[in-house]
Each structure stands twice: as C-alpha cells, then as structure tokens.
C-alpha cells in the first residue's frame with residue numbers, strides 16, 4: 001500500500017526494490033564521458049538489424065535480457081513489463097517485447113518514460129499485483145532524427161539549442177523481495193505543463209517548467225529540501241533546459257545547484273562531440289540512471305536521490321499545426337538499502 | 001489490495017467502482033444502430049477545430065468533462081488521469097488533457113487502450129494511491145485514415161476485410177467510494193501475440209489470437225466459463241475477427257457465442273453504411289462500453305460482464321518493413337452493484 005503525500009504524490013509503505021538494472025548504449029555514447037558506465041557499448045548502430053527501427057527494438061530487448069540475467073532471472077519470472085519509447089505507436093517496445101510472452105502495459109511519456117514506468121510499476125506492485133515488474137525504455141538517434149526532424153541523408157543544420165537523441169536503453173527489474181537493494185520510496189506523477197514554447201529545437205526550454213512544477217510540488221508535499229538529497233537528476237533537459245530549471249527552482253526558493261545533474265548534459269562532451277545542448281531521448285535518462293546512478297545508490301555513495309525524467313508530449317504534426325509543446329516531468333525517489341524505512 | 005489469480009491476472013479485494021462514464025461520437029456513428037446510446041453525437045466532424053488532430057483532442061476533452069459532470073465532479077477532484085490514443089505520440093490525449101492540470105500517465109495500447117486504462121487505474125487505486133482516477137481514450141476516422149492508410153482525398157479502395165475507424169471517445173471515472181455502482185472486480189493484462197498476419201487491412205484477424213489467449217487464461221485462472229457472464233465483449237475485432245475469435249475459443253473448449261458481442265460489429269450497419277468488416281479504433285470499444293454496456297450493468301440488466309479491448313501494436317513503417325502485426329488483448333471484469341463482493 002502507499003500513503004498519499006498530495007495529489008499524485010505517494011510514499012511507498014512497503015519498499016519497492018530495484019533488484020537489478022542494465023544499460024546498453026551506442027558507439028557515440030560509448031565515446032562520451034559516461035562511456036564506462038554502460039553494461040555494453042555496441043559499435044554497430046544497426047545492432048545487426050536491417051532497419052533503424054528494428055535496431056532500436058533489438059537494443060531494448062537485449063537491455064531487458066541483460067537486466068534479467070544480472071538478477072539470475074528469465075522473462076518467465078516477470079509478472080508485468082511496462083515499456084514505451086519515442087517512435088510512432090511505440091513499436092520499439094512492442095516489437096522488442098514480442099518474444100517475451102510477459103503481460104505487457106504500453107506507456108507513452110516521451111522522454112519521461114523511464115520515470116513513468118518506474119512509478120506505474122511501483123504503484124502496481126504496491127497493490128499486491130505480482131511480485132516482479134520490469135520497466136524499460138529506449139531511444140535511437142537514427143529512428144528519432146528521421147521521425148522528428150529530417151532524414152539523416154538530408155544533412156539538416158542543427159541550431160545551438162538542439163539536443164542529440166541518444167542511442168541508448170535502460171531497463172530496471174523491480175520487486176517486493178530483494179531487501180537491502182536500492183528501493184523506490186516515493187513517486188510524484190507529473191502534470192502536463194505548457195508555457196507556450198513552439199520551437200521543437202529547444203525541448204529543454206519547453207520541459208524545464210514541467211520539471212520545476214513537479215519538484216516544487218514534491219518539496220512542498222514532503223517538507224523536504226535539496227539538502228535532503230545527494231543527487232537530484234533530470235533526464236534530458238540538456239545544458240540550456242537544465243540552467244533554466246535551476247533558475248526556476250531558485251525563484252521557488254530552492255537552490256538545487258550543488259546536487260543537480262542532468263543526464264543529457266552528462267552524456268556527451270559537447271565541445272568535441274558536436275552535440276550542442278546535450279543528449280536527449282528516453283534512453284538518455286534511462287541508460288544513465290541504470291548505468292551510473294543506480295550503481296552509486298547500490299554502493300551507498302548516494303543515500304537518497306530524486307530521478308526526474310521529463311517528456312515533450314508533442315508530435316511533428318501538431319508543431320506544424322502551430323501548437324506549442326506540452327511537457328511533463330515524473331519524479332521517483334530512490335534510497336539506498338541502508339536508508340530504507 | 002489485489003489477489004493474484006495467475007500471471008498478470010488479479011482479483012480486486014476492494015471493489016473499484018465506476019462512478020460515472022461518458023461517450024461522445026461522430027455523425028456516422030450517430031447514424032448507426034448504436035446512435036441512441038451516446039451522451040452526444042456531434043454533427044461537425046471538426047468539433048469546431050481547424051484540424052482533424054485538434055478535433056480528436058477536443059472530442060476526448062469534452063468526453064472527460066461530460067463524465068466528470070455526470071458525477072458532479074470537476075478535474076480538481078481527480079487524482080490521476082490515464083489516457084492514450086492511436087495518433088503518433090498520443091497527441092490526441094496529451095493536447096486534450098493540457099488544460100486539466102491533473103497528474104497524467106500516458107498509455108499506448110492502440111485499440112486496447114480503454115481496457116489498459118481501466119486495468120492500470122484499478123491497480124493504482126488498489127494500492128491506495130488516490131481516491132479517484134479517470135481512464136479515457138478516443139479515435140477519429142480522419143486522423144487515423146491519413147496516418148495509417150491514405151490521405152482522405154486520395155480515395156483509396158478499401159478491401160472487404162478493412163474496418164472503419166470510429167470517430168468516438170469514451171471516459172470512465174473510477175473511485176473507491178461510490179458503493180452500489182458497477183465495479184471492476186478483476187483484470188487480466190494481455191501478452192503480446194503475433195501469429196504472423198502482415199495485412200494491415202485485416203486487423204481483426206491479427207488481433208483475434210490475442211483475445212483468445214487472454215480469455216482462455218482468464219477462464220483457466222478463475223475456473224469460470226462463458227455461462228458465468230451475461231456478456232463477453234470485445235472492442236473492435238469486427239465481423240471477421242470476431243468470427244475467428246469465436247472459433248479459436250471453441251477450439252479451447254469454450255462456446256462463447258450466446259453471450260458474445262463485438263463493439264466494432266455493433267457500431268455500424270455494414271450493409272447500408274459501407275463500413276465493410278465493422279468499426280475499429282480506441283474510441284469504438286471505449287464509446288460502446290461507456291454508452292451502452294456500462295448503463296446496462298448499472299441498471300442490473302447485465303450482472304457480470306467481461307470487456308476485452310484488443311490492440312494491433314504496429315505502425316505503418318514496421319509493416320512497410322515487412323514485419324507482422326503484434327497484438328494484445330486486455331480484459332476487465334465488471335459486475336453490477338448487487339454482484340459486488
């Protein structure tokens with residue numbers, strides 16, 4: 001069962017444990033500053049497949065297999081898989097999961113999917129429904145570029161505010177039994193926020209207000225402050241959105257700068273990798289959470305952290321129709337084994 | 001809390017009540033045999049908007065408002081909204097919900113979304129997370145045709161197996177308090193099933209095996225038979241898929257024919273409305289559940305029913321790449337107030 005902390009905000013009365021997790025990334029991500037943290041860096045951006053879409057599916061599938069293997073599990077041990085991605089009709093997830101034969105709930109939260117999956121899985125497990133869930137997501141530079149921007153061969157110019165969709169995937173195995181593991185202790189479901197940004201090449205600016213809304217609600221609902229956390233991590237606001245987010249939080253009276261990290265800003269060396277405002281995509285936050293932060297929580301280096309993944313809930317068609325970009329930010333509180341209560 | 005009945009199958013120990021529901025449909029749907037059951041039939045297929053996509057968003061938004069009004073509620077009374085649709089990046093839902101300011105979880109289950117939303121909301125409420133959720137979905141003939149098949153002005157020929165995407169929306173308000181209302185007493189989460197159908201104009205055939213898998217699992221897990229139900233309802237298998245589904249169930253030893261209905265087959269008069277194998281789309285099952293079946297459960301005419309919405313989890317791009325169509329069927333057991341236990 002869970003306890004309400006406010007609207008859409010809940011404290012887990014029984015800990016939901018992170019039994020294992022895995023991250024797989026592409027070549028460019030492997031060459032960046034985070035390259036060492038992934039379970040695997042795949043040099044073939046096609047992942048042995050004929051098309052980019054099938055490549056992304058394969059990457060997500062292998063990430064889930066890896067996470068299960070690390071916990072000595074197979075798909076048969078999983079009650080429910082929750083997954084989603086950026087690609088039309090979430091096919092990266094549906095084709096990825098086709099061979100698993102596991103009850104499946106499809107999610108759409110754009111780049112917020114990793115957090116949305118962790119929240120939904122945690123609440124479902126808190127109801128007593130099953131013992132073990134997997135939450136997974138992925139993104140691929142080549143599937144996303146041609147769907148959201150231009151065909152790769154067009155060679156479109158990217159403005160300085162643009163981010164680079166990461167080729168990466170993250171998967172988390174959640175259960176109610178592996179005591180001592182990192183645990184999800186609270187969640188906050190985001191509200192759709194839209195301050196009128198219409199520039200699809202400046203997603204960070206569109207998403208920053210959603211992140212600020214969610215984090216402010218969390219601090220108020222829990223009476224916590226940035227000082228209570230070793231790390232406050234956003235998914236892919238990037239350099240520009242991350243700066244805006246810190247400013248918005250400062251206006252609310254919260255100085256998060258000392259413990260703030262953004263996975264999009266961490267993923268690449270923007271000076272040498274030509275990635276402008278940083279990484280983006282569902283797989284960006286998903287892979288750095290699973291490859292970098294969760295191991296730090298497991299080792300106890302991080303005792304208590306917030307993972308907030310933000311999503312821009314738009315499509316190219318609605319932007320072409322002159323619409324602004326609605327965004328969302330979902331928040332998950334993760335504590336180390338010693339901090340569980 | 002819930003009790004497990006098998007993998008991905010759960011019985012609600014505390015009833016999750018259907019406090020209210022609403023259905024809005026378009027002109028053609030209003031002219032069909034079910035025309036009288038909707039809360040509103042809108043003669044303007046643009047719903048007062050400039051584009052089809054904005055029309056679908058507006059329809060879904062007004063359906064949610066209607067459902068809330070029928071329960072004398074406003075959006076402020078809702079803890080979480082769960083919604084999804086067929087359109088790329090689920091924008092019909094995200095733009096629909098933008099003004100509500102309610103914590104939002106986006107779903108992608110294609111035409112299974114109404115059932116996926118009811119399942120996810122029921123499990124979340126069973127965890128104690130909040131008191132009231134809304135599950136909603138929609139589809140629109142004109143948004144779906146141009147996205148999945150051809151531009152409307154192309155005038156493409158439709159084969160006899162093709163179905164007609166309904167312009168319709170359904171929304172359900174779920175809570176833990178309105179005793180005596182129809183209630184969700186059990187759920188079964190679907191598994192992705194793919195028997196190799198590659199014809200995007202024969203979705204019913206692609207989805208029938210998923211429905212048979214879910215219903216067979218449910219009967220085995222609960223030790224129930226078709227005789228225990230006044231109605232077993234699928235979302236949009238249509239005439240061809242529905243017939244296949246009955247045959248597949250017969251092979252499993254279950255004769256469902258006497259109580260079986262398919263919302264896609266019910267929606268139109270195929271002889272006079274030129275709709276071939278019947279209606280389809282998330283809004284098809286959603287609107288007929290909310291407009292026709294739930295009122296029958298409320299009045300006690302139906303004491304116990306199963307609502308199964310099926311979804312084809314493909315995209316035009318993956319079909320163009322030669323892939324077959326993975327499908328899913330999610331099941332919800334609904335009982336009348338007098339049957340609650």
- Message: I need the inter-copy label distances for residue B:155: point set 7 Å along Cα to C-beta, values in nm with one decimal, smallest first.
- Response: 4.2
- Gyration tensor over alpha-carbon atoms, the protein assembly as shown, equivalent ellipsoid semi-axes in Å: 37, 27, 24
- A correct fewest-to-most ranking of B:310, A:214 by other Cβ atoms within 10 Å would be A:214, B:310
- Taking only DSSP H segments of four or more residues, each worth -39500 (n - 2.57), what value at 222 nm results for the protein assembly as shown once the sum is divided by all its residues, to the nearest 500 deg cm²/dmol? -9500 deg cm²/dmol
- Fluctuation leader among B:127, B:20, B:287 - chain B, Gaussian network, Cα springs under 10 angstrom: B:127
- Task: Run through the DSSP bridge list for the protein assembly as shown and note the antiparallel percent, rounded to the nearest 5.
- Result: 65
- Within 10 Å, count the other beta carbons around each residue, average over each peptide in A:1-13, A:320-332, A:84-96, and list them highest first. A:84-96, A:320-332, A:1-13
- Query: Which residues does a label at residue B:72 reach in the range B:8-45, if reach means a backbone N under 14 Å from a point 7 Å past the Cα toward the Cβ?
  - Reply: B:20
- Set the Förster radius R0 to 22 Å, insert the Cβ-Cβ distance between residue A:228 and residue A:3 as r into 1/(1 + (r/R0)^6), and round the FRET efficiency to 0.05. 0.80
- Message: Per-residue Cβ counts within 10 Å, from other chains only, averaged over B:106-113: what number is that?
- Response: 6
- Note on the structure: Comparing B:207, B:317, B:308 in a Gaussian network model of chain B (Cα, 10 Å), the one with the largest mean-square fluctuation is B:317
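At a 10 angstrom cut-off on C-beta neighbours, averaged per residue, how do the peptides A:41-51, A:70-80, B:115-125 rank from highest to lowest?
B:115-125, A:70-80, A:41-51
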- Evaluate peptide B:76-88: per residue, the Cβ atoms of other protein chains within 10 Å of its Cβ; return the mean as an integer. 4
- Peptides B:277-284, A:128-135, A:155-162 ordered by average Cβ neighbours within 10 Å, highest first: B:277-284, A:128-135, A:155-162
- Got a sec? How would A:296, B:318 order by Cβ neighbour count within 10 Å, fewest to most? A:296, B:318
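Express as a percent, rounded to the nearest 5, the fraction of DSSP beta bridges in the range B:118-255 (both residues included) that run antiparallel.
The answer is about 100 percent antiparallel.
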- Query: Can you give the mean number of other chain Cβ atoms that lie within 10 Å of the Cβ atoms in peptide B:44-51?
  - Reply: 1
- Cα gyration tensor category, rounded, prolate or oblate, for the range A:176-312 with a/c compared to 1.5: oblate
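Compute the Cα gyration tensor for the range B:20-68, then decide on rounded, prolate or oblate, letting a ≥ b ≥ c be the square roots of its eigenvalues: rounded whenever a/c is under 1.5, prolate when a/b is larger than b/c in the other cases, and oblate in all that remain. Don't jump to the answer; show the numbers that get you there.
Details: a/c = 2.91, a/b = 1.15, b/c = 2.53.
It comes out oblate by the Cα gyration axes.
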- Compute the Cα gyration tensor for the range B:2-175, then decide on rounded, prolate or oblate, letting a ≥ b ≥ c be the square roots of its eigenvalues: rounded whenever a/c is under 1.5, prolate when a/b is larger than b/c in the other cases, and oblate in all that remain. prolate
- Task: Work out how much length residue A:27 to residue A:272 would gain on full extension: take 0.36 nm times their residue separation and subtract the Cα-Cα distance, in nm to one decimal.
- Result: 86.7 nm
- Query: What percent antiparallel are the DSSP beta bridges of the range A:2-175, to the nearest 5?
  - Reply: 60
- Task: State, to one decimal in nm and shortest first, how far the label point of residue A:43 sits from each corresponding label point in the other identical copies (label point: 7 angstrom along Cα-to-Cβ).
- Result: 6.9
- If you put a point 7 Å past Cα along the Cβ direction, how far is that point for residue A:75 from the same point in each other copy, in nm, smallest first? 3.9
- Item | Euclidean distance of C-alpha centroids, the range A:268-296 and the range A:238-254, integer Å | 19
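Where a number appears in this text, it was derived from the coordinates with a stated rule and is not lab data. Predicted model, so just to flag it, every value in this text is computed and none were measured. Note that each Cβ is placed from the backbone with ideal geometry, even for glycine, and that neighbours are counted across all protein chains shown.
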